[in-house]
1. Where residues in the stretch 232-246 are without any contact (Cβ under 8 Å) to a residue 60 or more places away in the chain and not charged (D, E, K, R), which of them is farthest from K210 (Cα to Cα)?
2. Give the residue that is nearest to the chain's Cα centre (by Cα), with candidates limited to residues of the stretch 239-284 that are of a type in the set (F, W, Y) and either modelled with pLDDT of 95 or more or more than 30 Å from L183 (Cα to Cα) (or both).
3. Yes or no: the stretch 174-194 includes at least one residue that is open to solvent by 10 Å² or more (accessible area, probe 1.4 Å), touching a helix residue (DSSP H, G or I) at 6+ places or on another chain (Cβ under 8 Å) and at pLDDT 95 or above.
4. For the stretch 285-319, which residues satisfy the criterion of being within 24 Å of the chain's Cα centre (by Cα) and either open to solvent by less than 80 Å² (accessible area, probe 1.4 Å) or touching a residue at least 60 places away in the same chain (Cβ under 8 Å) (or both)?
5. Only one of these is open to solvent by 10 Å² or more (accessible area, probe 1.4 Å) and modelled with pLDDT of 90 or more: L28, L15, L20, L11. Name it.
6. Could you check the stretch 259-297 and list, in sequence order, the residues that are farther than 17 Å from K210 by Cβ, acidic (D, E) and out of contact with any helix residue (DSSP H, G or I) (no Cβ under 9 Å at 6 or more places or on another chain)?
7. Is it the case that some residue within the stretch 201-217 is under 14 Å from Y314 (Cβ atoms) and either open to solvent by less than 70 Å² (accessible area, probe 1.4 Å) or aromatic (F, W, Y) (or both)?
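The values are calculated or read from the model by the stated rules, or taken from the named source; none is laboratory data. Source: prediction; values computed, not measured. Virtual Cβ from ideal backbone geometry, glycine too; neighbours counted across all protein chains shown. Heads up: the accessible areas ignore ligands, DNA and RNA and are worked out on the full protein's heavy atoms, side chains in. Shrake-Rupley method; radii C 1.70, N 1.55, O 1.52, S 1.80 Å.
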Amino acid sequence: MAEKSFVYETLLRFLEGYFLKRDRESILEMTTEDVYCIGLQGQAPAFNREDFGKLLESHIAVDSASAAYRINAYQEKAIGEGNWICYCELETYMDMDGEKLNLSWWGITVGVQKEGGSYKLGLIHLSEMKNWAERGEALRKLYPDTSSPFIESLYRHLEESSRDSLTGLYNRKAGEVLISQALDNGGEYIFLLMDIDNFKAVNDVYGHLKGDMVLKYVADKIRRSFRDTDVVFRLGGDEIVTFIYPCKNRQAIEEKLKKIIEDYNKNMQENFSRISSSLSWGGIFSSRKRTFTELYQTADKIMYKVKRRGGKGYLIQED
(Lines give C-alpha, C1' and ligand atoms only; values in the text may rest on other atoms or scores of the structure.)
Protein backbone atom coordinates (compact mmCIF):
# COMPACT_ATOMS: atom_id res chain seq x y z
CA MET A 1 0.00 0.00 0.00
CA ALA A 2 1.86 3.04 -1.32
CA GLU A 3 -0.28 5.54 0.62
CA LYS A 4 -2.26 5.21 3.82
CA SER A 5 -5.98 5.25 3.05
CA PHE A 6 -8.75 6.62 5.25
CA VAL A 7 -9.77 3.00 5.95
CA TYR A 8 -6.27 2.25 7.23
CA GLU A 9 -6.26 5.46 9.28
CA THR A 10 -9.59 4.48 10.83
CA LEU A 11 -8.15 1.11 11.77
CA LEU A 12 -5.12 2.82 13.34
CA ARG A 13 -7.34 5.05 15.48
CA PHE A 14 -9.20 2.00 16.76
CA LEU A 15 -5.99 0.09 17.53
CA GLU A 16 -4.51 3.10 19.32
CA GLY A 17 -7.60 3.51 21.47
CA TYR A 18 -7.92 -0.20 22.25
CA PHE A 19 -4.35 -1.42 22.69
CA LEU A 20 -2.37 1.72 23.61
CA LYS A 21 -4.68 4.18 25.36
CA ARG A 22 -7.29 1.70 26.65
CA ASP A 23 -9.75 4.57 26.12
CA ARG A 24 -13.37 3.41 26.04
CA GLU A 25 -14.87 6.78 25.10
CA SER A 26 -12.60 7.45 22.13
CA ILE A 27 -13.39 4.01 20.73
CA LEU A 28 -17.14 4.43 21.15
CA GLU A 29 -17.05 7.79 19.38
CA MET A 30 -15.84 6.11 16.22
CA THR A 31 -18.50 3.35 16.10
CA THR A 32 -21.93 3.28 14.50
CA GLU A 33 -25.05 2.94 16.67
CA ASP A 34 -25.54 -0.64 15.42
CA VAL A 35 -21.88 -1.68 15.62
CA TYR A 36 -21.41 -5.45 15.72
CA CYS A 37 -18.44 -6.80 17.66
CA ILE A 38 -17.39 -10.41 18.13
CA GLY A 39 -14.31 -11.97 19.69
CA LEU A 40 -13.41 -9.35 22.29
CA GLN A 41 -11.35 -11.51 24.64
CA GLY A 42 -13.81 -14.39 24.44
CA GLN A 43 -16.84 -12.36 25.59
CA ALA A 44 -20.33 -12.51 24.10
CA PRO A 45 -20.99 -10.48 20.91
CA ALA A 46 -22.25 -6.90 21.04
CA PHE A 47 -25.02 -5.85 18.65
CA ASN A 48 -25.04 -2.09 19.29
CA ARG A 49 -22.93 0.73 20.73
CA GLU A 50 -24.37 0.40 24.22
CA ASP A 51 -23.53 -3.32 24.44
CA PHE A 52 -20.11 -2.69 22.93
CA GLY A 53 -19.45 0.00 25.56
CA LYS A 54 -20.24 -2.49 28.33
CA LEU A 55 -17.83 -5.01 26.83
CA LEU A 56 -15.08 -2.42 26.66
CA GLU A 57 -15.75 -1.22 30.20
CA SER A 58 -15.61 -4.70 31.70
CA HIS A 59 -12.53 -5.69 29.73
CA ILE A 60 -10.53 -2.54 30.49
CA ALA A 61 -11.47 -2.81 34.17
CA VAL A 62 -9.92 -6.28 34.28
CA ASP A 63 -6.82 -5.39 32.27
CA SER A 64 -5.89 -1.74 31.93
CA ALA A 65 -2.31 -2.36 30.80
CA SER A 66 -1.46 -1.05 27.34
CA ALA A 67 0.34 -3.07 24.67
CA ALA A 68 2.32 -2.05 21.62
CA TYR A 69 1.52 -3.65 18.29
CA ARG A 70 2.77 -4.27 14.78
CA ILE A 71 0.48 -4.60 11.76
CA ASN A 72 1.10 -7.35 9.21
CA ALA A 73 -0.64 -8.56 6.03
CA TYR A 74 -2.95 -5.55 5.75
CA GLN A 75 -5.65 -5.68 3.04
CA GLU A 76 -8.73 -3.60 2.30
CA LYS A 77 -11.59 -3.56 -0.18
CA ALA A 78 -14.72 -1.52 -0.94
CA ILE A 79 -17.82 -3.72 -0.56
CA GLY A 80 -20.45 -1.16 -1.56
CA GLU A 81 -21.05 2.55 -1.68
CA GLY A 82 -19.76 4.07 1.53
CA ASN A 83 -18.68 0.69 2.94
CA TRP A 84 -15.26 -0.92 3.21
CA ILE A 85 -13.74 -3.92 4.93
CA CYS A 86 -10.13 -4.38 5.98
CA TYR A 87 -8.17 -7.23 7.50
CA CYS A 88 -4.76 -7.48 9.15
CA GLU A 89 -2.70 -9.68 11.40
CA LEU A 90 -1.51 -7.99 14.56
CA GLU A 91 1.42 -8.86 16.80
CA THR A 92 1.06 -7.38 20.29
CA TYR A 93 3.95 -6.99 22.71
CA MET A 94 5.21 -5.10 25.76
CA ASP A 95 8.60 -3.53 26.40
CA MET A 96 10.05 -5.14 29.53
CA ASP A 97 13.33 -3.55 30.59
CA GLY A 98 14.27 -2.87 26.98
CA GLU A 99 13.37 -6.34 25.76
CA LYS A 100 10.29 -7.06 23.64
CA LEU A 101 7.91 -9.49 25.33
CA ASN A 102 5.50 -10.99 22.80
CA LEU A 103 1.95 -11.25 24.08
CA SER A 104 -0.25 -12.61 21.32
CA TRP A 105 -1.00 -12.74 17.61
CA TRP A 106 -4.38 -11.52 16.43
CA GLY A 107 -6.44 -11.59 13.27
CA ILE A 108 -8.60 -8.46 12.99
CA THR A 109 -11.41 -7.66 10.57
CA VAL A 110 -12.96 -4.17 10.64
CA GLY A 111 -15.90 -2.85 8.66
CA VAL A 112 -15.81 0.90 7.95
CA GLN A 113 -18.86 2.98 7.01
CA LYS A 114 -19.09 6.59 5.90
CA GLU A 115 -21.48 8.66 8.03
CA GLY A 116 -21.72 12.29 6.99
CA GLY A 117 -18.17 13.54 6.76
CA SER A 118 -16.62 10.92 9.03
CA TYR A 119 -15.80 7.23 8.93
CA LYS A 120 -17.23 4.88 11.56
CA LEU A 121 -16.70 1.27 12.60
CA GLY A 122 -19.73 -0.92 11.97
CA LEU A 123 -18.07 -4.33 12.33
CA ILE A 124 -15.23 -5.43 14.60
CA HIS A 125 -13.97 -8.99 14.75
CA LEU A 126 -10.89 -9.92 16.79
CA SER A 127 -9.54 -13.43 17.18
CA GLU A 128 -6.29 -14.76 18.59
CA MET A 129 -4.59 -16.71 15.82
CA LYS A 130 -4.04 -19.67 18.11
CA ASN A 131 -7.79 -20.06 18.46
CA TRP A 132 -8.82 -19.91 14.78
CA ALA A 133 -9.74 -23.56 14.64
CA GLU A 134 -11.96 -23.32 17.72
CA ARG A 135 -13.84 -20.35 16.25
CA GLY A 136 -14.04 -21.63 12.69
CA GLU A 137 -17.64 -22.74 12.83
CA ALA A 138 -18.73 -19.42 14.34
CA LEU A 139 -16.97 -17.54 11.53
CA ARG A 140 -18.67 -19.63 8.86
CA LYS A 141 -22.07 -18.93 10.41
CA LEU A 142 -21.24 -15.22 10.60
CA TYR A 143 -20.10 -15.04 6.95
CA PRO A 144 -22.08 -17.76 5.06
CA ASP A 145 -21.66 -18.25 1.31
CA THR A 146 -19.35 -15.30 0.89
CA SER A 147 -16.86 -14.71 -1.90
CA SER A 148 -15.06 -11.89 -0.08
CA PRO A 149 -11.29 -12.36 -0.34
CA PHE A 150 -10.93 -11.00 3.17
CA ILE A 151 -13.23 -13.58 4.70
CA GLU A 152 -11.51 -16.22 2.59
CA SER A 153 -8.22 -15.05 4.10
CA LEU A 154 -9.75 -15.65 7.53
CA TYR A 155 -10.70 -19.18 6.54
CA ARG A 156 -7.16 -19.89 5.42
CA HIS A 157 -6.11 -19.43 9.02
CA LEU A 158 -8.55 -22.05 10.23
CA GLU A 159 -6.59 -25.12 11.23
CA GLU A 160 -7.74 -28.56 12.23
CA SER A 161 -5.99 -28.15 15.55
CA SER A 162 -7.22 -29.88 18.68
CA ARG A 163 -6.24 -30.17 22.29
CA ASP A 164 -4.87 -32.95 24.41
CA SER A 165 -7.72 -33.91 26.72
CA LEU A 166 -5.56 -34.29 29.83
CA THR A 167 -3.21 -31.30 29.69
CA GLY A 168 -5.12 -28.82 27.51
CA LEU A 169 -2.03 -28.42 25.33
CA TYR A 170 -2.12 -28.96 21.58
CA ASN A 171 -1.99 -32.60 20.58
CA ARG A 172 0.69 -34.03 18.30
CA LYS A 173 -1.22 -33.57 15.04
CA ALA A 174 -1.90 -29.89 15.72
CA GLY A 175 1.62 -29.26 16.98
CA GLU A 176 3.27 -30.74 13.91
CA VAL A 177 1.09 -28.62 11.59
CA LEU A 178 1.85 -25.39 13.47
CA ILE A 179 5.59 -26.07 13.53
CA SER A 180 5.67 -26.90 9.82
CA GLN A 181 3.90 -23.64 9.02
CA ALA A 182 6.39 -21.65 11.09
CA LEU A 183 9.37 -23.36 9.48
CA ASP A 184 8.05 -22.38 6.04
CA ASN A 185 8.50 -18.72 7.02
CA GLY A 186 12.20 -19.12 7.80
CA GLY A 187 14.12 -17.57 10.67
CA GLU A 188 15.71 -18.73 13.91
CA TYR A 189 13.89 -21.09 16.27
CA ILE A 190 14.42 -23.40 19.23
CA PHE A 191 12.88 -26.86 19.25
CA LEU A 192 12.73 -28.43 22.73
CA LEU A 193 11.82 -31.97 23.77
CA MET A 194 11.09 -32.53 27.47
CA ASP A 195 10.70 -35.81 29.34
CA ILE A 196 9.90 -36.32 33.03
CA ASP A 197 12.68 -38.28 34.73
CA ASN A 198 11.45 -41.37 36.61
CA PHE A 199 7.81 -40.60 35.82
CA LYS A 200 6.91 -44.30 36.09
CA ALA A 201 7.78 -44.14 39.79
CA VAL A 202 5.22 -41.36 40.29
CA ASN A 203 2.48 -43.64 38.92
CA ASP A 204 3.76 -46.73 40.76
CA VAL A 205 4.11 -45.10 44.18
CA TYR A 206 1.34 -42.49 44.16
CA GLY A 207 -1.10 -43.85 41.58
CA HIS A 208 -2.10 -42.76 38.10
CA LEU A 209 -4.36 -39.93 39.28
CA LYS A 210 -1.41 -38.30 41.01
CA GLY A 211 0.68 -38.99 37.92
CA ASP A 212 -1.88 -37.11 35.85
CA MET A 213 -1.67 -34.22 38.30
CA VAL A 214 2.10 -34.06 37.87
CA LEU A 215 1.80 -34.11 34.09
CA LYS A 216 -0.80 -31.32 34.16
CA TYR A 217 1.40 -29.30 36.50
CA VAL A 218 4.34 -29.57 34.11
CA ALA A 219 2.21 -28.75 31.06
CA ASP A 220 0.75 -25.67 32.70
CA LYS A 221 4.16 -24.50 33.94
CA ILE A 222 5.63 -24.76 30.42
CA ARG A 223 2.64 -23.12 28.75
CA ARG A 224 2.72 -20.15 31.12
CA SER A 225 6.49 -19.73 30.71
CA PHE A 226 6.40 -19.10 26.97
CA ARG A 227 4.60 -16.75 24.60
CA ASP A 228 1.12 -17.37 23.24
CA THR A 229 2.65 -17.47 19.77
CA ASP A 230 5.01 -20.33 20.70
CA VAL A 231 3.83 -23.90 20.15
CA VAL A 232 3.57 -26.25 23.13
CA PHE A 233 2.08 -29.71 22.67
CA ARG A 234 1.98 -33.13 24.27
CA LEU A 235 3.80 -35.58 22.07
CA GLY A 236 2.61 -38.59 24.04
CA GLY A 237 3.12 -40.10 27.49
CA ASP A 238 5.21 -37.66 29.52
CA GLU A 239 6.95 -36.04 26.54
CA ILE A 240 6.18 -32.39 25.71
CA VAL A 241 7.49 -30.41 22.75
CA THR A 242 8.02 -26.64 22.88
CA PHE A 243 8.75 -24.70 19.69
CA ILE A 244 9.93 -21.11 20.18
CA TYR A 245 9.66 -19.01 17.04
CA PRO A 246 10.94 -16.49 16.24
CA CYS A 247 13.84 -16.80 18.68
CA LYS A 248 16.76 -14.39 18.94
CA ASN A 249 17.76 -14.89 22.56
CA ARG A 250 18.90 -18.40 23.46
CA GLN A 251 20.07 -17.29 26.90
CA ALA A 252 16.57 -16.06 27.82
CA ILE A 253 15.13 -19.47 26.91
CA GLU A 254 17.74 -21.25 29.02
CA GLU A 255 16.80 -19.07 31.99
CA LYS A 256 13.19 -20.12 31.55
CA LEU A 257 14.19 -23.79 31.54
CA LYS A 258 16.21 -23.35 34.72
CA LYS A 259 13.19 -21.80 36.44
CA ILE A 260 10.81 -24.54 35.26
CA ILE A 261 13.19 -27.26 36.49
CA GLU A 262 13.70 -25.46 39.81
CA ASP A 263 9.94 -25.08 40.37
CA TYR A 264 9.31 -28.72 39.43
CA ASN A 265 11.97 -29.99 41.82
CA LYS A 266 10.51 -27.88 44.64
CA ASN A 267 6.99 -29.19 43.91
CA MET A 268 8.19 -32.80 43.94
CA GLN A 269 10.09 -32.35 47.21
CA GLU A 270 7.06 -30.81 48.90
CA ASN A 271 4.34 -33.11 47.53
CA PHE A 272 6.00 -36.30 46.25
CA SER A 273 8.93 -36.76 48.60
CA ARG A 274 8.89 -40.57 48.43
CA ILE A 275 10.37 -40.60 44.93
CA SER A 276 13.06 -38.73 43.02
CA SER A 277 12.02 -37.06 39.75
CA SER A 278 13.08 -34.11 37.66
CA LEU A 279 12.95 -32.86 34.07
CA SER A 280 15.29 -33.47 31.15
CA TRP A 281 15.33 -31.23 28.08
CA GLY A 282 17.05 -31.59 24.74
CA GLY A 283 16.90 -28.83 22.16
CA ILE A 284 18.10 -27.39 18.86
CA PHE A 285 18.78 -23.72 18.14
CA SER A 286 18.77 -23.28 14.37
CA SER A 287 17.42 -21.48 11.33
CA ARG A 288 17.66 -24.52 9.05
CA LYS A 289 14.40 -25.99 7.81
CA ARG A 290 13.84 -29.59 8.85
CA THR A 291 10.97 -32.02 8.93
CA PHE A 292 9.29 -32.63 12.27
CA THR A 293 10.74 -36.15 12.35
CA GLU A 294 14.26 -34.77 11.91
CA LEU A 295 13.71 -32.23 14.68
CA TYR A 296 12.31 -34.85 17.04
CA GLN A 297 15.05 -37.41 16.41
CA THR A 298 17.81 -34.83 16.89
CA ALA A 299 16.27 -33.38 20.07
CA ASP A 300 15.67 -36.89 21.42
CA LYS A 301 19.36 -37.77 21.07
CA ILE A 302 20.35 -34.52 22.79
CA MET A 303 17.85 -35.11 25.60
CA TYR A 304 19.28 -38.57 26.27
CA LYS A 305 22.71 -37.03 26.66
CA VAL A 306 21.18 -35.12 29.58
CA LYS A 307 19.60 -38.29 30.98
CA ARG A 308 22.87 -40.24 30.75
CA ARG A 309 24.55 -37.65 32.94
CA GLY A 310 21.82 -37.94 35.56
CA GLY A 311 18.95 -35.90 34.13
CA LYS A 312 17.72 -32.80 35.95
CA GLY A 313 18.82 -30.37 33.29
CA TYR A 314 18.88 -29.23 29.71
CA LEU A 315 21.13 -29.09 26.67
CA ILE A 316 20.52 -26.92 23.62
CA GLN A 317 22.82 -27.46 20.66
CA GLU A 318 23.28 -24.94 17.89
CA ASP A 319 23.88 -25.61 14.21
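1. Among residues in the stretch 232-246 that are without any contact (Cβ under 8 Å) to a residue 60 or more places away in the chain and not charged (D, E, K, R), the one farthest from K210 (Cα to Cα) is P246.
2. F243
3. No, every residue in the stretch 174-194 fails to be open to solvent by 10 Å² or more (accessible area, probe 1.4 Å), touching a helix residue (DSSP H, G or I) at 6+ places or on another chain (Cβ under 8 Å) and at pLDDT 95 or above.
4. F285, S286, S287, K289, R290, T291, F292, T293, L295, Y296, A299, I316 - these are the residues of the stretch 285-319 that are within 24 Å of the chain's Cα centre (by Cα) and either open to solvent by less than 80 Å² (accessible area, probe 1.4 Å) or touching a residue at least 60 places away in the same chain (Cβ under 8 Å) (or both).
5. Just a single option satisfies the conditions, and that option is L28.
6. Selection gives E262, E294.
7. no
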